[in-house]
Structure formats: structure tokens, C-alpha cells
Amino acid sequence: GAVVSQHPSRVICKSGTSVKIECRSLDFQATTMFWYRQFPKQSLMLMATSNEGSKATYEQGVEKDKFLINHASLTLSTLTVTSAHPEDSSFYICSAPAGTGYEQYFGPGTRLTVT
Amino acid sequence: GENVEQHPSTLSVQEGDSAVIKCTYSDSASNYFPWYKQELGKGPQLIIDIRSNVGEKKDQRIAVTLNKTAKHFSLHITETQPEDSAVYFCAARSTGGFKTIFGAGTRLFVKA
């Protein structure tokens, strides 16, 4: 299957700082990538759809000014959590469609802890 | 809106037994149904999927069945092993839509 990587895998930051998470498709190109947030023992919540060359599409209730998404190339999307607060602590996962376009491959996730 | 319900939320089986996880979906336009396995601290891994033009698909110990009329689909794991212990998510996606709707997840425990 297709491989999606994320960096960093784990990050701890102080309240009020910003954190950038990278999502890369390693062996395929992705014009679209998805960003999810997952709380402990819960399902994946779609935050936004990242589009190469255009603005991201955010889900209802997700603050676009707080969660900045940039799809810089066909293999890289970044999520920046701005002015992070403890309630932003979560597991953030990206994914990208590959193959026929239906199959979605996930990155390993990034554990963000805001102190 | 679109919804995918998944049951049970927790499933405990003895090693070697079978495990069945069931999902229902609400959007009749859904035509692609993947299943993901998520181990602790990792991202979900696609383990099997099925399209709406097929009623059943099998890959070694894993099989998925789909009943479009009833809007049901199920994951069957036979001869379970301790390494099958994980959280399993079903999902549904519609033609032309990029969004994948996920079920709430099933935590599977396989006891040795």
C-alpha cells in the first residue's frame, strides 16, 4: 500500500506557542490530503481537507485561523496549530487518497501535548 | 446527515475463535466501504475494503460482507490471534465525495 509519513510523531509545547505538523506522501502524489483529530478512545474527526494549490476546506466548527493548513506541493501538507492551548492536546492524523482514489492511507499520527 | 453506526464497541474473544463487527450506514449513495485497524498510538491501517457492486470479499482470515438493501456491512475475522487485538473502524464513502465517514470503532481483545 501507499505510504504516508508524519513529522513529528510527538511534540510537547508551551501554551501560546505554535506547532507545525508535516504530512508527506512518500511514494505517490496527492492533490488532496485530510487532517483528522482523535481524542482518546474515540473515532476520527475530520478537521479539514487540504487541497494542493488552493485553500483548505474546513469542517464546521473548526477554526481556520487556529488550524492553518498549507498544501505546498503534491507530496506535502502542513498543519500549524497556532497559539496552542491545553485543550488542543490531541492525536492528529493525516491521510491521503491513493490507488483508485478511493483508498485512503493514513500517517502514523502526531501526539500533541500543550502544557 | 451521513452517519455510520458500529457495533459492538468492545469485543472480547478467545484465541482461535471468530470475531464479527457490524456497521450500518445512512447514505444510500455510499459505494465504498473500507475497514481500518488501529493499534495503540498509531495511525489507522487499511486492512480490507469492498465496493458496492460486490457482496463479499475475502483476504486470508479477513472477510467483509455487504448488504446494500439493508445498508449493512460486516467484518469477519476467523482464527483470531492475539496480534489481532486493536481498534477496528468501519467507514463509508459516496461516489464523487471525498469525505469518508467513520464508525465509532470496536475495541477487539483476543485472549491467549
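The values are calculated or read from the model by the stated rules, or taken from the named source; none is laboratory data. Source: prediction; values computed, not measured. Cβ placement follows ideal geometry from the backbone for every residue including glycine, while neighbour counts extend to all protein chains displayed. Ligands, DNA and RNA are stripped out before the accessible areas are found, and what is left, the full protein with its side chains, is counted by its heavy atoms. Shrake-Rupley method; radii C 1.70, N 1.55, O 1.52, S 1.80 Å.
So here's what we get for this one:
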item: Residue check for A:I21: surrounded by fewer than 14 Cβ atoms within 10 Å (Cβ to Cβ), modelled with pLDDT of 95 or more and part of a strand (DSSP E or B); result: no
item: Any hit, region B:61-69, residues being loosely packed, with under 15 Cβ neighbours inside 10 Å, more than 10 Å from chain A (Cβ to nearest Cβ) and among the polar types (S, T, N, Q); result: yes
item: Residue in region A:4-16 that is open to solvent by 70 Å² or more (accessible area, probe 1.4 Å), at pLDDT 95 or above and among the β-branched types (V, I, T) present; result: yes
item: Residues being closer than 18 Å to A:A84 by Cβ and within 10 Å of another protein chain (Cβ to nearest Cβ) - total across region A:20-52; result: 3
item: Residue that is within 14 Å of chain A (Cβ to nearest Cβ), at positive phi and touching a Ser or Thr at 6+ places or on another chain (Cβ under 7 Å), where the choices are B:G105, B:G41; result: B:G105
item: So B:K57, is it part of a strand (DSSP E or B), open to solvent by 20 Å² or more (accessible area, probe 1.4 Å) and in contact with a Pro (Cβ under 8 Å, 6 or more places away or on another chain); result: no
item: Which listed residue is surrounded by fewer than 19 Cβ atoms within 10 Å (Cβ to Cβ) and more than 27 Å from A:A96 (Cβ to Cβ), from B:E83, B:E79, B:E39; result: B:E79
item: Top-ranked residue in region B:14-36 [being open to solvent by 40 Å² or more (accessible area, probe 1.4 Å) and among the hydrophobic types (A, V, I, L, M, F, W, C); ranked as nearest to A:W35 (Cα to Cα)]; result: B:A29
item: Counted residues, region B:90-112 - those being closer than 15 Å to A:Q104 by Cα, out of contact with any Cys (no Cβ under 9 Å at 6 or more places or on another chain) and not in a loop (DSSP other than H, G, I, E, B); result: 4
item: Those strands (runs of 3 or more DSSP E) lying entirely in region A:53-115 with at least 2 residues at the interface with chain B (Cβ under 9 Å from one of its Cβ atoms) and open to solvent by less than 10 Å² (accessible area, probe 1.4 Å); result: A:90-98
item: Where A:I12 falls short, out of the listed (1) over 15 Å from the mean Cα position of the chain (by Cα); (2) part of a strand (DSSP E or B); (3) under 19 Å from B:F102 (Cα atoms); result: (3)
item: Output for region B:45-54, where each listed residue is open to solvent by less than 50 Å² (accessible area, probe 1.4 Å) and either under 18 Å from B:E5 (Cβ atoms) or over 14 Å from the mean Cα position of the chain (by Cα) (or both); result: B:I50, B:S52
